[in-house]
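The values are calculated or read from the model by the stated rules, or taken from the named source; none is laboratory data. Just so it is clear, the model here is predicted, and its values are computed rather than measured. Here the Cβ positions follow ideal geometry from the backbone for every residue, glycine too, while neighbour counts run over all protein chains shown. Calculation scope for accessible area: heavy atoms of the full protein, side chains included, ligands and nucleic acids excluded. Shrake-Rupley method; radii C 1.70, N 1.55, O 1.52, S 1.80 Å.
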Amino acid sequence: MKHFLRVVTQFFVFLYCKCLWRGLKFVVRKFTGRCELQRICYNNKHGARRTLKIESSLRYSKNELLQSALSVHPDKVEKTIDDIMALKKINPDTNPQLSISLQASLLQIVGYRSLVAEVEKLRREPYDCENPEHEEMLMKLWKELRPDTPLTGRISKQWCEIGFQGSDPKTDFRGMGLLGLHNLLYFAEHDKATALQMLHDSLQPKHKYSFAIVGINITDLAYSLLVSGALKTHLYNVAPEMPSLLHFQQTFCYLMQEFHRFWIEEDPSDIMEFNRVRSKFHRRILRQLKNPDMALCPHFSASDLHLVNL
């Protein structure tokens, strides 16, 4: 019986999507004199609410021009908007704000795709101890987190003091590649006071955890939010146009601080509870991102971006 009801439900959903919804859009356009893209732009403020709806409208359109708009190069966005306006027979002189709104949203959409590619490239690049730039970044991380303690050698147990597992940090970057190092260094450089305080707290017996390893793990969490599309809500609300790597790193800093607070609130008995706490934290962030008006808000003073709950 349940299987039968599921099949019937799926049939009516299919019928609605393929027939009734298209018919309804046709009627609404005739009644209002506006196409779906116009209605979305005029009825939704700039941000995730508008951009997510525009993205969905373009993706499920039967027109190839509209579908391909989602993957155009950023330099071609302006021309693509002109083509869409011509296709929809919309006069840009009488609808000047429409092209501006569409362009802003489309830049967010293609920018998100570019950001995913950029982050993926960093994640796939392994740490190379023979690369001077990689080694320089690692040395900078030590100096930021241990400013008063000289490192006795490149291979040293001292790395455990900032939360690496062994005497050579390169082995800990295997999962997230250079992305993990980029994020840790960005946090240490742009909000040094908070990073140092969190490192200090992580060394206390009551709430002990490995700072650098957790940073790499939170990088993985931020990466999964990005590639799954869950982070669109946040980035579409905070990036006026194209989301950048800076936005992603700001988000990582926020997640690090929030996880630190969450870890202390959960009061785990030992580090063996890390996976449970991390999963619970991940679910909480996902619930927050389901709100189309949500923008994750970092609490560090160095932020030059104002990420607020709209």
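Search the stretch 227-237 for residues being of a type in the set (A, V, I, L, M, F, W, C) and surrounded by fewer than 23 Cβ atoms within 10 Å (Cβ to Cβ), and hand back the single one that is nearest to residue 113 (Cα to Cα).
227
Each residue in the stretch 119-168 was checked for being open to solvent by 30 Å² or more (accessible area, probe 1.4 Å) and closer than 30 Å to residue 229 by Cβ, and 7 of them qualify. What are the pairs with Cβ atoms under 7 angstrom where one residue, in the stretch 138-153, is part of a helix (DSSP H, G or I) and the other, located anywhere, is among the small types (Gly, Ala, Ser) and open to solvent by less than 40 Å² (accessible area, probe 1.4 Å)? Sequence gap at least six, or different chains. Pairs that qualify, where the first residue is part of a helix (DSSP H, G or I) and the partner is among the small types (Gly, Ala, Ser) and open to solvent by less than 40 Å² (accessible area, probe 1.4 Å), are 141/188; 144/188; 145/188; 145/195.
Of the residues making up the stretch 90-118, just one is in contact (Cβ under 8 Å) with a residue 24 or more places away in the chain, surrounded by fewer than 16 Cβ atoms within 10 Å (Cβ to Cβ) and closer than 20 Å to residue 44 by Cα, namely 97. I'd like to check something: does the stretch 65-78 contain any residue that is open to solvent by less than 50 Å² (accessible area, probe 1.4 Å), among the basic types (Lys, Arg) and either in contact (Cβ under 8 Å) with a residue 24 or more places away in the chain or not in a loop (DSSP other than H, G, I, E, B) (or both)? No, because not a single residue in the stretch 65-78 is open to solvent by less than 50 Å² (accessible area, probe 1.4 Å), among the basic types (Lys, Arg) and either in contact (Cβ under 8 Å) with a residue 24 or more places away in the chain or not in a loop (DSSP other than H, G, I, E, B) (or both). For the stretch 169-183, the criterion of being out of contact with any Pro (no Cβ under 7 Å at 6 or more places or on another chain), farther than 25 Å from residue 212 by Cβ, hydrophobic (A, V, I, L, M, F, W, C) and open to solvent by less than 70 Å² (accessible area, probe 1.4 Å) is satisfied by no residue at all. Condition check for residue 126 on (1) at pLDDT 95 or above; (2) not in a loop (DSSP other than H, G, I, E, B): one failure, at (2).
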